[in-house]
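Single-structure report; data block below.
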Amino acid sequence: MRTSYCLAAAALLATLTLPSSLLAKDLIVGQSLDLSGATNLGKDFSNGIRTYFDSVNARGGVRGRKIQFIQLDDAGHAAEAQVNIEKLLREQDADVLIAPTSAETLSAAANMPTLRSTALTLLGAPTGAEVDASGGSLRVVALRATFREEAKSLLDALRTFNDGSLALVRGEGPDAGASHSALREEVQARQLKMAFEGTTAQWAARKPSAERIGAVIISGDAIGVMAALQQARRITPQAILMGFSTVDHRTLIELVGATAKGMMLTQVVPPPGKTIYPFQREHRALMKQYRDEPPSQHTLEGYIVARFLVAAYERVDGEPTPAKVSSALRALGVMDFGPMRISSRNDSSSSRYTDITAISSKGGLVE
């Protein structure tokens, strides 16, 4: 009896004297996203997040707590996203959720009653779609520019050299509808002249017209803009061709080759291929170390979201909870990423980044 008592006491003493890092609860981050769809957005965004989390875990975690990143594939479908989030709520003790990757899946998640009843935050969706969360208590923290802000950048760029009417083509893809609607609203607000506004099928069936089209702006992902882009090259060879950040230029080049040359695209993060700023150099180095692949706009966007979240985690005292993490995110203030200054408050202190690039003759982006 005495021996058993001594052994139990020794075990308790050993537990009490263990380093706090061995007793600390892991930080649980969950996400439903499109990992199996046709575009690279979800996969690249995930790689950017995981790369930074891997580097944090390699140096001991956050205050001795390792990050567990639990991702479930929704293939870009709203219903699957809701099922995944229900599963994350039921089976995982998540502190925060990285938001889904498209307008449809983000909206579906944001309007889930079960999620609204929690203190969880949906952080950093790589979509410019805006979500109205005014009807409930859900916290949706966007870090990138909206599609309306991207549309403003596109139209501002056209003011310099466009002397014809606009053609707005709604292509295909998870964010085609949201980006097209934002563009139409901005065009109407500026009272710009439109020669055409419609779907890819309507664009293909459009009858020849004497009206000069100076620019064609196509909404959608790389696969979704392909047909409209090829048609534009045939019928309006002199027009400026434009698209949103949803277009992965590498995929587009694989699909249409030289036809994509010169197409102008918005960017919502600073150029990932540059090494001007420390965060760009770190991102490139980490991608090489942990993924052995070149950085992209979406890997950099994921990296920025991960860094923002880790900075919030560092402000949490004691055991992390969804309420504590949400509070830390709101109180974090502004983080500088060169020309991009992000904040959970999205007020005048932050500067959502937008820029214009173009696909070069070699298939890269002009940076």
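What follows draws every value from the coordinates through simple rules; no lab data is involved. What you see is a predicted model; the values in this text were computed from it and never measured. Positions of Cβ are generated from backbone atoms using ideal geometry, with glycine treated the same way; all protein chains shown enter the neighbour counts.
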Practice task
Could you list, in their original order, any pairs among Lys274/Lys362; Lys193/Lys261; Lys25/Lys288; Lys43/Lys152; Lys66/Lys288; Lys43/Lys288 whose Cα atoms are separated by more than 20 Å?
Solution key: Lys193/Lys261; Lys25/Lys288; Lys43/Lys152; Lys66/Lys288
Exercise for the section: Please state the charge dipole magnitude for the chain, taken about the Cα centre, from unit charges on C-beta atoms (+1 on K and R, -1 on D and E), reported in debye and rounded to the nearest 20. Expected result: 580 debye
Handout entry: Angle in degrees between helix 78-91 and the longest Cα principal axis of the chain, rounded to the nearest 10
Key = 10 degrees
Exercise for the section: Working from Cα positions, state the angle (0 to 90°, nearest 10) between the long axis of helix 147-161 and the longest principal axis of the chain. Expected result: 40 degrees
Fill in the blank from the handout: Semi-axes a, b, c in Å (a largest) for the range 147-267, each sqrt of 5 times a Cα gyration tensor eigenvalue, come to 19, 17, 14
Handout entry: Antiparallel bridges, percent of DSSP beta bridges restricted to the range 153-265 (to nearest 5)
Key = 0 percent
Practice task
Taking the dipole about the Cα centre of the chain, with the C-beta of Lys and Arg at +1 and of Asp and Glu at -1, give me whichever of Gly124, Leu138, Thr266 is farthest to the positive side.
Solution key: Thr266
Completion exercise
One finds the C-alpha centres of the range 58-112 and the range 157-186 to be spaced, in Å, by 31 Å
Handout entry: the range 235-367: translational diffusion in µm²/s, Stokes-Einstein, Kirkwood Rh over Cα pairs, 37 °C, 0.692 mPa s
Key = 195 µm²/s
Handout entry: Least to most buried among Ser36, Ser360, Ser326 (fewest other Cβ within 10 Å first)
Key = Ser36, Ser360, Ser326
Problem - Gain in span if fully extended, Gln188 to Ser209, counting 0.36 nm per residue against the direct Cα distance - result: 5.4 nm
Exercise for the section: Just the number, please: percent antiparallel of the DSSP beta bridges in the chain, rounded to the nearest 5. Expected result: 25 percent
Exercise for the section: Using the number of other C-beta atoms within 10 angstrom as an exposure proxy, rank Lys25, Lys207 with the fewest first. Expected result: Lys207, Lys25
Problem - Mean Cβ neighbour count within 10 Å, used as a protection proxy, ranking 261-267, 28-34 highest first - result: 28-34, 261-267
Handout entry: Burial ordering of His298, His249, fewest other beta-carbon atoms within 10 Å first
Key = His249, His298
